[in-house]
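The structure under discussion appears below in the form of structure tokens.
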Amino acid sequence: MLKISKKADYALMALQHIASVQFGDVTPGRVVNTKEIAEEYNIPLELLAKVLQALSKNGMIESHNGPKGGYLLARSASQITIAQILESIEGPLGLTDCLHEKEDGEFCMQREHCNIRTPLLKVQDSIYQLLNSMTLHDMMGGTPLITIQSSSAQGADR
């Protein structure tokens, strides 16, 4: 099953909140602290702190210290892709382990004999292209990011 982890989910939620505050009408440019996000979205504070640290380390957000400190986006929401966010939290994106080198430097044992590697690479490339074309700014809009045809509608075109 393709699934976004809770950490990645929290990262997307936090970044969207930071962007909406930073570029909002009420107090533009205001930093957002971890506690505010955790309370707003009912996210465990310690886990959110780790997520925000990872996002900061990977250049998605900037940390501002002090009593009124918090986080701001490191660049505009239209310059941060969903793929960049997910990779900041999860590491390289991939459908299967065979597409990534293991910690011991080895690859999947089935690599030489695999008959589904090429089709899965095509699926993975399509997903990556989609995630790399969608930005944090896109997620903030009220319009659908993509349109998916139902299988019955696709069958009518054949």
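The values are calculated or read from the model by the stated rules, or taken from the named source; none is laboratory data. What you see is a predicted model; the values in this text were computed from it and never measured. Positions of Cβ are generated from backbone atoms using ideal geometry, with glycine treated the same way; all protein chains shown enter the neighbour counts.
Could you look through segment 6-34, keep only residues that are surrounded by fewer than 13 Cβ atoms within 10 Å (Cβ to Cβ) and without any contact (Cβ under 8 Å) to a residue 40 or more places away in the chain, and pick out the one that is nearest to Thr96 (Cα to Cα)? So the residue we want is Gly24.
Lys3 meets the conditions (1) surrounded by 13 or more Cβ atoms within 10 Å (Cβ to Cβ); (2) among the charged types (D, E, K, R); (3) within 21 Å of Met134 (Cβ to Cβ) in every case but one. The failed one is (1). Out of the residues in segment 89-113 that are within 19 Å of the chain's Cα centre (by Cα) and among the aliphatic types (A, V, I, L, M), state the one that is modelled with the lowest pLDDT. Per the criteria, the residue is Leu95. Taking the criterion of being out of contact with any Leu (no Cβ under 8 Å at 6 or more places or on another chain), part of a helix (DSSP H, G or I) and of a type in the set (A, V, I, L, M, F, W, C), the only residue of segment 54-75 that qualifies is Ala54. When Asn58 is tested against the conditions (1) in contact with a helix residue (DSSP H, G or I) (Cβ under 8 Å, 6 or more places away or on another chain); (2) exposed (fewer than 13 other Cβ atoms within 10 Å of the Cβ); (3) polar (S, T, N, Q); (4) modelled with pLDDT of 95 or more, the lone failure is (2).
Just one of the listed residues (Ile37, Ile43) is assigned to a loop (DSSP other than H, G, I, E, B) and surrounded by 15 or more Cβ atoms within 10 Å (Cβ to Cβ), and it is Ile43.
Scanning segment 125-158 for residues being modelled with pLDDT under 55, over 30 Å from His17 (Cα atoms) and surrounded by 10 or more Cβ atoms within 10 Å (Cβ to Cβ) gives a total of 1.
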